[in-house]
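*Asks:* Just dropping this structure here.
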Amino acid sequence: MIGARHLAGVLPAISLGLAATPALAQTPEQHQFTIDTYTYTVPVPDGFCVPVDGQVALAEQVAALDAMNFTHAAFDRCGSFGVDYVHIKSPRESERVPLTKPMFIDLAARQIQSAAGQQMMDDAMAQAGRNIAEGTDNAVALGTPVPRFAGQDADCAYLFIAADVVMGDKTVAMISATCLTLVEGQFMSVHAYATRETGVTEQELKERSRAIAAAIMPKP
């Protein structure tokens, strides 16, 4: 059975980049990251950039708010930050999953839709809110996230999540699509986020998360 550390991967990683920040620079076509002793590569999505210069510290600050997961990649729409972005994550307490990818996706999809899985997600969402509030000295509050199962295919089991982010007198409506997947026995989650005002749809975010997940490859 998939444990809480796996379903906790669906928690929102709401960016602190809601305030104006300098634009991100264009970046190399491939991003590389390591989980334990395994190294992976993934193409940087077209039109997206990795943090550079002043964005690096901010991206690290955002990643640190997620106490349950490591953030291995942060891709923002070039010229923006925290408005239209993608994170690749894995649980901090991770272990290899002794299942085939199809078996894992079927199991994840069933568990997401179960009462026990929903409770684990609710608990993870509540903890995410507490982590964000504590990590920002209560400057940022996360409204109650609303997760729902969004189907499965050969690449992922999916979730849609909607939540409001409150910073002082400003409230920003966020949407996201999460892909839960397995890469050579390693559980990963790919989260595609956008503010509602961008006009990006949940289906677009879902396809983005799938395309990125499918492109993650172990480095020989």
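*Asks:* Output the number of the condition that Gly168 fails; it satisfies all remaining conditions of (1) touching a Phe, Trp or Tyr at 6+ places or on another chain (Cβ under 9 Å); (2) at positive phi.
*Replies:* (1)
*Asks:* Same structure again: What number of residues within the stretch 87-123 satisfy the criterion of being within 30 Å of Leu58 (Cα to Cα), polar (S, T, N, Q) and surrounded by fewer than 16 Cβ atoms within 10 Å (Cβ to Cβ)?
*Replies:* Matching residues across the stretch 87-123 total 0.
*Asks:* Looking only at the stretch 196-216, count every residue that is more than 19 Å from Ala74 (Cβ to Cβ), of a type in the set (Ser, Thr, Tyr) and surrounded by 14 or more Cβ atoms within 10 Å (Cβ to Cβ) and tell me the total.
*Replies:* 0
*Asks:* OK, next. Answer yes or no: is there a residue in the stretch 79-98 that is over 12 Å from the mean Cα position of the chain (by Cα) and without any contact (Cβ under 8 Å) to a residue 24 or more places away in the chain.
*Replies:* Yes, there is a match, as at least one residue in the stretch 79-98 is over 12 Å from the mean Cα position of the chain (by Cα) and without any contact (Cβ under 8 Å) to a residue 24 or more places away in the chain.
*Asks:* Here is a follow-up. Every residue in the stretch 186-220 that is aliphatic (A, V, I, L, M) and more than 11 Å from Ile175 (Cα to Cα), please.
*Replies:* Met188, Val190, Ala211, Ile212, Ala213, Ala214, Ala215, Ile216, Met217 - these are the residues of the stretch 186-220 that are aliphatic (A, V, I, L, M) and more than 11 Å from Ile175 (Cα to Cα).
*Asks:* Quick one: which strands (runs of 3 or more DSSP E) sit completely within the stretch 1-88 and have at least 2 residues that are in contact with a helix residue (DSSP H, G or I) (Cβ under 8 Å, 6 or more places away or on another chain) and modelled with pLDDT of 50 or more?
*Replies:* Of the strands (runs of 3 or more DSSP E) lying wholly inside the stretch 1-88, those with at least 2 residues that are in contact with a helix residue (DSSP H, G or I) (Cβ under 8 Å, 6 or more places away or on another chain) and modelled with pLDDT of 50 or more span 38-43, 69-77.
*Asks:* In the stretch 187-217, which residues are at pLDDT below 95, more than 11 Å from the chain's Cα centre (by Cα) and farther than 21 Å from Phe81 by Cβ?
*Replies:* Residue satisfying the conditions is Phe187 alone.
Matching residues to (1) touching a strand residue (DSSP E or B) at 6+ places or on another chain (Cβ under 7 Å); (2) under 20 Å from Phe33 (Cβ atoms); (3) of a type in the set (Lys, Arg):
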residue	(1), (2), (3)
Pro102	no, no, no
Glu134	no, no, no
Cys156	yes, yes, no
Ala162	yes, no, no
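*Asks:* If we keep just the residues of the stretch 148-186 that are closer than 22 Å to Asn69 by Cα and free of Cβ contacts under 8 Å to residues at least 24 places away in the same chain, which is surrounded by the fewest Cβ atoms within 10 Å (Cβ to Cβ)?
*Replies:* Looking at the filtered set, the residue picked out is Arg148.
*Asks:* Restricting the stretch 116-158 to residues that are outside any strand (DSSP E or B) and of a type in the set (S, T, N, Q), which is farthest from the chain's Cα centre (by Cα)?
*Replies:* Per the criteria, the residue is Asn138.
The values are calculated or read from the model by the stated rules, or taken from the named source; none is laboratory data. Here the structure is a predicted model, which means the values were calculated and not measured. Note that each Cβ is placed from the backbone with ideal geometry, even for glycine, and that neighbours are counted across all protein chains shown.
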